[in-house]
Amino acid sequence: MTISVFDLFKIGIGPSSSHTVGPMIAARRFLYHLKRHAVFLHTEKVVIDLYGSLALTGKGHATGTAILMGLQGEQPHLIKANTVSDSLKQIIKSQKLDLLLEKEISFNRKQHLRFNYQSVLPEHPNGMSFTAYDAYGIVLKQRSYYSIGGGFVLSEDEMTLQAEKTEDKTSFQFSSAQELLSQCEYQHLSIAELVLKNENSHRPYQDTKQGILNIWQAMDECIQQGCHAEGLLPGGLNVERRAKKLHQRLNQTSSEDNLSLMDWVNLFALAVNEENAAGGRVVTAPTNGAAGVIPAVLAYYVRFVNPNQEITKEDGILTFMLTATAIGALFKENASISAAEVGCQGEVGVACSMAAAGLTAVLGGSNQQIENAAEIGMEHNLGLTCDPIKGLVQIPCIERNTMGAVQAINASRLAILGDGHHKVSLDQVIETMRQTGSDMQEKYKETSQGGLAVNVVEC
Ligand code: SF4
């Protein structure tokens, strides 16, 4: 298993990693596919078909907008979030798309961007296909892509090849938590140290370190941004941002309230997820919908946990992120981090588990305690459904991240109070999560056809 910290934590824009970040990447990749086959310059029309969950909740998740931005050459980690609205207006008004800013074609949003509500592509619930036509209406190329969660995108060929992945000889391989613990014990390494050795086999240490610190900086900036923004979130649900008022209140009140730390953790998660819902710059952690949990717990560590003399805050951030990466990789490989596949247990549940592990590591927990914390973090999220009202990543998503963050801290504390021995292993809970997701009715898997999405239709 060689999923990198930079696979799971990607700087991008909201509101969704699978429905916004992934489709933007797929759209751009399709154009480079056209270039490779020397048909890009002959393209006069592009038709996009969205299927399954991408169609059902695509409007609320701004999937269409993300695809149009991707076709104009934008990339999630570089796009300026505050330019998206104007670019979209320009496309609609001019009825033109500037492919990779190199070739202008006509574009009619209603005809060329199709939401296929009744159809699902066989390989994955988040499927989309792109078709390029020439001036005579002849198909030049057609290709399907799958947004498999956390901003990961696979083409139809890559979906097939996934099962034939070659082993990475330079890394410490582990495909289960048990193997991870055994490798660590055998090598006398902490989980973070083992993951770092894997990262070091791909790039110089300084690059990994700086990259992780950049990710933390993007998370922290997102918290700051969210703490200072106000007003209603877009999309028509009239959800008011709460972070700014809570921030002001916390700054004004004394810390006599024993639970004020919990308010701060709630604030950090609210701030990130309100930014995400507004289409701001966020980091997938491991997804956009769950983007607030890990930054909230890491911010709690950075700001409030008494410094341990043996570890600097910078090293603590690295340890936290590398440990969380190992746990996220286990979920991604052995279950899923896509709500369209397993519900919200795969997003907020996984984020909670990763954060619990990361915090336990920086608090000095043993590898067994870290595994225990990750297990507790998921055990109590089993069965969590995905039912966003109006397809927007707002209700229940924003508050749910506060729950995930507080739960992660509690899971970490429970694990640290123990000695690492426990009944349910992380591997068992991951497998249970996978089975629960597989048994879960489709309407609870990012379709907005069940749960709160149908019981709270007006807000
Ligand atoms: S309910 Fe959970 S998985 Fe679904 S959109 Fe909201 S945060 Fe994401």
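Values quoted throughout were computed directly from the atomic coordinates according to the rules given, and no laboratory measurement underlies them. On a predicted model such as this, the values are computed, not experimentally measured, just so you know. Neighbour counts run over all protein chains shown; Cβ positions are idealised from the backbone, glycine included.
Assorted remarks:
- Magnitude of the charge dipole for the stretch 237-278, about its Cα centre and with charges confined to Cβ atoms of Lys, Arg (+1) and Asp, Glu (-1), is about 160 debye.
- Projected-area average for the stretch 91-245 over all orientations - Cα convex hull basis, square nanometres: 16.2
- Assigned charges on the beta-carbon of Lys, Arg, Asp, Glu; the stretch 177-455 dipole about Cα centre (debye): 620
- Between Thr312 and Leu452, the FRET efficiency estimated from the beta carbon spacing at R0 = 60 angstrom works out to 0.90.
- Length gained when the stretch His421-Gln441 is fully extended (0.36 nm per residue, less Cα-Cα span): 3.8 nm
- The order of Ser18, Ser201, Ser190, going from fewest to most other C-beta atoms within 10 Å of their C-beta, is Ser201, Ser190, Ser18.
- Computed over every Cα-Cα pair of the stretch 329-449 and binned at 10 Å starting from 0, the pair-distance distribution P(r) comes out as 16, 45, 30, 9, 1 percent.
- Taking all C-alpha pairs of the stretch 354-411, those more than 17 Å from each other amount to 43 percent.
- One quarter of the surface of the convex hull around the alpha-carbon atoms of the stretch 231-272 equals 3.2 nm², the direction-averaged projected area.
- Tensor-based shape of the stretch 260-334 (alpha-carbon gyration tensor, a/c under 1.5 rounded, otherwise prolate or oblate): oblate
- Computed Kirkwood radius, in angstrom, where 1/r is averaged over Cα pairs of the chain: 22.3
- Each helix, a run of at least 4 DSSP H residues, gives -39500 (n - 2.57); summed and divided by the residues of the chain, these come to -15500 deg cm²/dmol at 222 nm.
- About the centre of its Cα atoms, the stretch 158-250 shows a dipole size close to 580 debye [charges on the beta carbon of Lys, Arg (+1) and Asp, Glu (-1) only; nearest 20 debye].
- Dimensions of the stretch 392-459 from C-alpha coordinates, computed as largest minus smallest value along each principal axis and given longest first, are 48, 26, 15 Å.
- Unsatisfied cross-links (Cα-Cα over 31 Å) in the set Lys197/Lys313; Lys35/Lys443; Lys10/Lys141; Lys209/Lys443; Lys96/Lys244; Lys110/Lys244: Lys35/Lys443; Lys209/Lys443; Lys96/Lys244; Lys110/Lys244
- Sorted largest first, extent of the stretch 197-328 alpha carbons per principal axis (Å): 48, 38, 21
- Gln95 versus Gln206: modelled label distance in nm, points set 7 Å from Cα along the beta carbon direction: 5.5
- Order of Ser353, Ser94, Ser129, Ser254 under a 10 Å beta carbon neighbour criterion, fewest first: Ser254, Ser94, Ser129, Ser353
- For the stretch 31-133, GluC sites (Glu not before Pro) meeting the loop criterion (DSSP other than H, G, I, E, B) and having at most 13 other Cβ atoms within 10 Å: Glu102.
- Equivalent ellipsoid semi-axes - Cα gyration tensor, the stretch 17-162, angstrom: 21, 18, 15
- Lys/Arg +1, Asp/Glu -1 at C-beta; the chain dipole; positive extreme among Ala357, Leu392, Gly420: Leu392
- For the stretch 170-257, the Kirkwood estimate of the hydrodynamic radius, built from every pair of different alpha carbons, is 17.1 Å.
- Restriction of the trypsin sites (Lys or Arg not before Pro) in the stretch 342-423 to DSSP coil positions whose beta-carbon has at most 12 other beta-carbons within 10 angstrom yields Lys423.
- Based on the Kirkwood approach, the hydrodynamic radius assigned to the stretch 246-298 is 11.7 Å, with every pair of different Cα atoms included.
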